[in-house]
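Enquirer: Dropping the structure in here first, questions after.
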Amino acid sequence: MVNKLILSAAIVIAAAGCEVGCGGAVVVTSVIDCTARNRDDIAKLVDQAVLAIDGGASWGDVEETAWQAGRDIGGCVLAELVDVYTSRAARPAASVSGAVDVTLARSALLDFKRQSGSEHVVFHTGHGDH
């Protein structure tokens, strides 16, 4: 609980100090820790989503699976997919499709947050906050 409060405070402080043109301060109402609760379910769905995307499935299919998993788990899955594809795109041999997947993963997460009313929720993963 204390870690969540510290993380929330850090996010609000960082947002409050952003430069002109950053879109204003972001108010965080809660932090979902994707590294703790439901870890096995999240990891399983992330693995399935990566296999599906790599196999040619659409991001719409992945978003539908996220919706079926619920806000917390689904949001964590999409946040972790941002991490997966960001990591892949950073590799020296990364292709243009890797950068496209990062953009699509971020777009899927933002759409999910908007549609679920979670704009002010941060999904905390092992690689960052989304």
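The values are calculated or read from the model by the stated rules, or taken from the named source; none is laboratory data. Just so it is clear, the structure is predicted and the values come from calculations on it, not from any experiment. Neighbour counts are summed over all protein chains in view; Cβ atoms, including those assigned to glycine, are modelled from backbone coordinates with ideal geometry.
Enquirer: Name the residues in region 18-40 that are modelled with pLDDT under 90 and of a type in the set (K, R), would you?
Expert: R37
Enquirer: Pairs needed: first member in region 110-130, surrounded by 13 or more Cβ atoms within 10 Å (Cβ to Cβ); second member anywhere, polar (S, T, N, Q); C-beta distance under 6 Å; at least 6 residues apart or different chains.
Expert: Correct list of pairs: V121/S30.
Enquirer: What residue, of D129, D54, D61, is touching a strand residue (DSSP E or B) at 6+ places or on another chain (Cβ under 9 Å) and among the charged types (D, E, K, R)?
Expert: Of the residues listed, the single one that is touching a strand residue (DSSP E or B) at 6+ places or on another chain (Cβ under 9 Å) and among the charged types (D, E, K, R) is D129.
Enquirer: Kindly establish whether A43 is at pLDDT 90 or above, among the small types (G, A, S), under 15 Å from G126 (Cα atoms) and surrounded by 10 or more Cβ atoms within 10 Å (Cβ to Cβ).
Expert: Taking the combined requirement at face value, the residue satisfies it.
Enquirer: If you don't mind, there's one more thing I want to ask. Tell me which helices (runs of 4 or more DSSP H) are completely within region 47-130 and hold 3 or more residues being more than 16 Å from I32 (Cα to Cα) and at pLDDT 90 or above, or say none if there are none.
Expert: 59-69, 96-115
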